[in-house]
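**Q** Just dropping this structure here.
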2 protein chains.
Amino acid sequence: MANKAHVSVYVASLACSTVLNLFFFINLYVGGDWKLSWSKKAAAEAEAVAAISCSGHGRAYLDGLVLNGKEPICECNSCYGGPDCSLFLPACPANADGGDPFFLEPFWMQHATSSALVVAGWHRMGYSYSDYSFISQELESHIRTLHSVVGNAVTAGRYIVFGAGSTQLLNAAVSALSPDNSSSPARVVALFPYYPVYKTQTELFQSKNYTFEGDASLWENSTGNATMNFIEFVTSPNNPDGQLRKAVLHGHPNAKAIYDRAYYWPHFSPIPTPADEDVMIFTISKFTGHAGARFGWAIIKDEAVYERMTTYMSLNTFGVSRDSQLRALKLLKVVLEDEAREIFEFGYKIMRDRWEKLSKTLSTSKRFSLQKLAPQFCSFSQKVKAPSPAYAWLKCEREEDRDCYSVLEAAGITGREGGLFGAEHRYVRLSLIRSQDDFDLLLHRLTKISGEEGAKPGQFNVINIS
Amino acid sequence: MANKAHVSVYVASLACSTVLNLFFFINLYVGGDWKLSWSKKAAAEAEAVAAISCSGHGRAYLDGLVLNGKEPICECNSCYGGPDCSLFLPACPANADGGDPFFLEPFWMQHATSSALVVAGWHRMGYSYSDYSFISQELESHIRTLHSVVGNAVTAGRYIVFGAGSTQLLNAAVSALSPDNSSSPARVVALFPYYPVYKTQTELFQSKNYTFEGDASLWENSTGNATMNFIEFVTSPNNPDGQLRKAVLHGHPNAKAIYDRAYYWPHFSPIPTPADEDVMIFTISKFTGHAGARFGWAIIKDEAVYERMTTYMSLNTFGVSRDSQLRALKLLKVVLEDEAREIFEFGYKIMRDRWEKLSKTLSTSKRFSLQKLAPQFCSFSQKVKAPSPAYAWLKCEREEDRDCYSVLEAAGITGREGGLFGAEHRYVRLSLIRSQDDFDLLLHRLTKISGEEGAKPGQFNVINIS
């Protein structure tokens, strides 16, 4: 109830502020007083770059390569080439590997006006904001509003720390939750299959205070041993399989959990209830789709943990780039214009359609299976929603297809090896959040391979598949 | 010679590209074909914010606090207040503490048109650039050109890694230079007085592979011991005292050096020769003055070190925000328009004038002394240059003034305690790179205190000094 009241107050204040802003802009525009001056050249330059035609299979960027002093080159979607990306490359493998969230790119192109950002040359040159912190108060308050509106996390009475994506915050949290100078370092664990960065990042720092110790399920029986400290990464929804998870070591007296909530958005998952864990990590990477901006945040219950994470952020990078923060603020303003209805409708529709098509394609296959996901009630949309995961967690079912990655590779599909996620090599993660071009090609090739189920291994030839 | 030839080729190609760009823009403007569309609203918004009057003692930012749905509030220079920053606060201490490089803010305001940046909502949503790296090739090539033009570092045949300011790169370098899983961790040292982040950051990570071991000069006699590994931070020019330094442990067989070149720019230092060390770290923070953008780079000779640093950057943050990189590129383009002449003339003039005024003020003082800096030939300006350091390293000379920070505090000046830099408490660092308001107030109060040298300690009263 309190939450709803908060939302209503916000909506009223948003409406009020929108009216005021409108008034402000009408003054600028209708009055015709405002003549653009210093921003005009940059605006024309950006529009000229945006207008470069890349045939709908790519786009040019302001900081793209400039050859011979000309305009930036087109950067094409996978399997498209040529100066204007009009050339389809039939021998090219379908890219279902990386987690680039290009499925949301059309949304932002459709919202070009509201999402454009003009940065003055002297914007935020100093180290800190006016409150001497490295955290934009405006952005923080927009994040709190966002969670109220979406209903995916409790923020009341919690602290917020910013990071360069969720990536930087993962280790900041591990570091903050570890005992300092303890003779028994914390054991960092995650239930398999798990996001591989937990291991590689934890090992990178070679800390005296924590070590990566693999699969959380192996430690369930150690919960009686009070001398052991655990830090469990819980990814919910899980990467790679989209399952909503709870901590495995929940009952252990010295186990702390870091909830990685990167995918807990209505695009990818029903939102049964606001997440309410001690340490929750979010990012815009999969929410607005701006992975390149490197902006994430942690919601923290305990003040001491918040302070340790803030120290970590200060000493690691002096906080998050003020340019990333400015960009994130602009994007959140656009999302909140209609209480996040449009972006999640847009994103959910794409993700659900992709999952439906994929499921249908493989429904009669005996060779490949997908993870099982059930429809579930979503409090954000106030209805039962069909599954819409970010990734397919594909299993090669045939006895001889032990190396599923190679099976797909031979069929012209690049996935991500299950072994990286701590799973058997029979599994491969297929990314469903890339561009429509990537998904279409993936589906085309999966349709072909599953239609050829009588064929023998090794019979697929990438050159012949297009 | 090869370097000069390189510069000439660059200048020719810059001229050529400028002509082409000019042609491009004349097409847009003079032809009158280009009508701004999607960027217009954002441009008007940014110009409206920039036009908010803060009385020359502050500025409003696009992401500043918005009260009652109105325009963002003015953020005032230290010791100014009121809604439009017109109110001088006489009881306020002069801020000579932080390293915010606001002395360059007027330069960017004067170059509003060329330094404005328009970011489309769909700019660089993915994780990587077109070459699958986290590093903008355009930006990298501008950095190489910059060093050729300024003559402050050798980049030919070297690798470049980007970081969030120099801050992130400091630990990336320590981590990359440390032995992996060695029974004898590397000893991280720096000659005192030194930049305190070397200690606090190195200790933050609690690594098995390295420990902070204090003053480099204490280890000079250990150079015979081949079982000891050293990593020496060498800040040149040094923070706090502006001296050009060389590694103290140069002769040690297992000593590696990280050269922190944050201040090796013609604003602050003569450039006798291009720096040519194995690991050199630069940042835009003190060069263009955009500390808030968090963008720096390391120039690396050894491929294995480069690869370890790249891995570090990937696992720590997935590289540097693409928004920071875009901003840095825009700023470098402006700097390179005239081969960096204007920005360094602008910056040097301010820094030299401030040092001259400060030196003159304290020239007859028996109570305070400054570090000694001599004029030196600068290859960039092709002349002998008077000193222009970023900081004054002030010493309280009186026997009883052991706590120099408190002496200054009582006189209405906030410096940074010498103890933080590993020096005696008789020293205080005074920042000379802040806004003109900050410097003027600092000078005013130093003039007053040094004019009152007969006064007894404790006699200065901040309330009476304005």
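**Q** Could you compute the FRET efficiency for B:SER222 and B:SER406, with r as their C-beta to C-beta distance and R0 at 30 Å, rounded to 0.05?
**A** Step by step, r from the Cβ atoms, then E = 0.25.
**Q** About the Cα centre of region B:341-450, what is the dipole size in debye to 20, counting +1 per Lys and Arg Cβ and -1 per Asp and Glu Cβ, all else neutral?
**A** 400
**Q** For region B:94-162, state what percent of all Cα-Cα pairs lands in each successive 5 Å bin, counting from 0 Å until the bin that includes the largest distance.
**A** Each 5 Å bin holds this share of Cα pairs: 3, 11, 12, 14, 19, 19, 15, 5, 2, 0.
**Q** Can you return the lysines within cross-link range of B:LYS256? Criterion is Cα-Cα under 27 Å, with same-chain partners fewer than 8 residues away left out.
**A** Excluding near neighbours in sequence, the set is A:LYS208, B:LYS199, B:LYS208, B:LYS246, B:LYS286, B:LYS301.
**Q** With viscosity set to 1.306 mPa s at 10 °C, what whole-number translational diffusion coefficient in µm²/s follows for region B:255-353 from Stokes-Einstein and a Kirkwood radius over Cα pairs?
**A** 106
**Q** Using alpha-carbon pairs under 8 Å, 6+ residues apart, how would you state the relative contact order of chain A in percent?
**A** Relative contact order, chain A: 19 percent.
**Q** Using R₀ = 51 Å, calculate the FRET efficiency as 1/(1 + (r/R₀)^6) where r is the Cβ-Cβ separation of B:GLU424 and A:THR200; round to 0.05.
**A** It comes to 0.70.
**Q** Here's a follow-up. Might you tell me the accessible area per residue for region B:290-367, computed with a 1.4 Å probe and given in Å²?
**A** Result: 35 Å² of accessible area for each residue.
**Q** Please report the carbon-and-sulfur percent of the accessible area for chain A; probe 1.4 Å, protein heavy atoms only, DNA, RNA and ligands left out.
**A** 55
**Q** Could you work out the Rg to Rh ratio of region B:39-115, with Rh taken as the Kirkwood radius (inverse of the mean 1/r over all Cα pairs)?
**A** Answer for region B:39-115: 1.00.
**Q** Taking every pair of distinct Cα atoms and averaging 1/r, then inverting, what Kirkwood hydrodynamic radius in Å comes out for chain B?
**A** After inverting the mean inverse Cα-Cα distance, the result is 24.2 Å.
**Q** Further question on the same structure: Using the eigenvalues of the Cα gyration tensor, what equivalent ellipsoid semi-axes result for region A:137-336 when each is taken as the square root of five times the eigenvalue, whole Å, largest first?
**A** With the √(5λ) rule applied to region A:137-336, the semi-axes are 27, 19, 15 Å.
**Q** List the accessible area buried at the contact between A and B, summed over both sides and calculated with a 1.4 Å probe, in Å² to the nearest 100.
**A** When A and B are taken together, about 9900 Å² of accessible area is lost.
**Q** If you take every DSSP beta bridge fully contained in the protein assembly as shown, what fraction is antiparallel? Give it as a percent rounded to 5.
**A** 60
**Q** Roughly how much of B:THR273 is accessible, in Å² to the nearest 10, using a 1.4 Å probe?
**A** Its accessible surface works out to 80 Å², give or take rounding.
**Q** Per the Debye formula with a single identical scatterer at each Cα and no solvent contribution, what log10 I(q)/I(0) holds for region A:354-447 at q = 0.12, 0.14 Å⁻¹?
**A** Rounded to two decimals, the profile gives -0.39, -0.53.
**Q** How large is the dipole of chain A about the Cα centre if only Lys and Arg carry +1 and Asp and Glu carry -1, each at its Cβ, rounded to the nearest 20 debye?
**A** Computed charge dipole of chain A: roughly 480 debye.
**Q** Any idea what the dipole of the protein assembly as shown comes to, in debye rounded to 20, about its Cα centre with Lys/Arg Cβ at +1 and Asp/Glu Cβ at -1?
**A** The dipole of the protein assembly as shown has a size of about 420 debye.
**Q** Relative contact order for region B:98-217: what percent, with Cα pairs under 8 Å and sequence separation of 6 or more?
**A** In percent, rounded to a whole number, it is 16.
**Q** If you don't mind, another one. Kindly tabulate the residues in region B:268-302 with an accessible-area decrease of at least 50 Å² between the chain alone and the assembly of all protein chains, using a probe of 1.4 Å.
**A** So the qualifying set is B:GLY292, B:ARG294.
**Q** Placing a label point 7 Å from Cα toward Cβ, how far apart in nm is A:SER183 from its equivalents in the other copies, listed shortest first to one decimal?
**A** 2.1
**Q** Which lysines does B:LYS40 reach when only Cα atoms under 26 Å apart count, and residues fewer than 8 places away in its own chain are ignored?
**A** Those lysines meeting the cut-off are A:LYS35, A:LYS40, A:LYS41, A:LYS70, A:LYS330, A:LYS333, B:LYS70, B:LYS330, B:LYS333.
**Q** Expressed in nm to one decimal, what extension gain is obtained for the pair B:LEU65 and B:LYS35 from 0.36 nm per residue of sequence separation less their Cα-Cα distance?
**A** 7.6 nm
**Q** Follow-up. Gain in length, B:ALA51 to B:LYS246, computed as 0.36 nm per residue apart minus the alpha-carbon separation, to one decimal in nm?
**A** Separation in residues times 0.36 nm, less the Cα-Cα distance, equals 65.5 nm.
**Q** Check the straight Cα-Cα distances from B:LYS366 and name the lysines below 23 Å, setting aside those fewer than 8 residues away within the same chain.
**A** B:LYS357, B:LYS395, B:LYS448, B:LYS456
**Q** Moving to a separate point now. Using the beta-carbon distance between A:LYS366 and A:PHE192 and R0 = 25 Å, what value does 1/(1 + (r/R0)^6) give for FRET efficiency, to the nearest 0.05?
**A** Result of the calculation: an efficiency of 0.45.
**Q** Given labels modelled 7 Å from the Cα in the Cβ direction, how far is it in nm from A:GLU356 to B:GLU399?
**A** Between A:GLU356 and B:GLU399, the label points sit 9.0 nm apart.
**Q** Placing the label point 7 Å from Cα along the Cα-to-Cβ direction, what are the distances from B:MET109 to the equivalent spots in the other copies, shortest first, in nm to one decimal?
**A** Result for B:MET109, in nm, nearest copy first: 4.1.
**Q** Taking only the Cα atoms of the protein assembly as shown, how large is their convex hull per residue, in Å³?
**A** 184
**Q** Right, another one. Express the relative contact order of region B:219-351 as a whole percentage, based on alpha carbon pairs under 8 Å and six or more residues apart in sequence.
**A** 18
**Q** Same structure, new question: What are the label-to-label distances in nm, one decimal and shortest first, from B:ALA91 to the same spot in the other copies, with labels 7 Å along Cα to Cβ?
**A** Its label point is 7.9 nm from the equivalent points in the other copies.
**Q** So which helices of chain B fit the span-like rule, where a helix is a whole DSSP H run, its Cα atoms reach 18 Å or more along the axis, and its mean Kyte-Doolittle is at least -1.0?
**A** Span-like helices, by this rule, are B:2-29, B:137-150, B:165-177, B:303-317, B:322-336, B:341-362, B:436-451.
**Q** Out of region A:247-312, which GluC sites (Glu not before Pro) are coil in DSSP terms and have no more than 12 other C-beta atoms within 10 Å?
**A** Passing both the DSSP loop test and the Cβ count: no residue.
The values are calculated or read from the model by the stated rules, or taken from the named source; none is laboratory data. Computed from a prediction, not measured in an experiment: that's the story for all the values here. Quick reminder, even Gly has a Cβ in these numbers, built from the backbone with ideal geometry, and neighbours come from all protein chains shown. Calculation scope for accessible area: heavy atoms of the full protein, side chains included, ligands and nucleic acids excluded. Shrake-Rupley method; radii C 1.70, N 1.55, O 1.52, S 1.80 Å.
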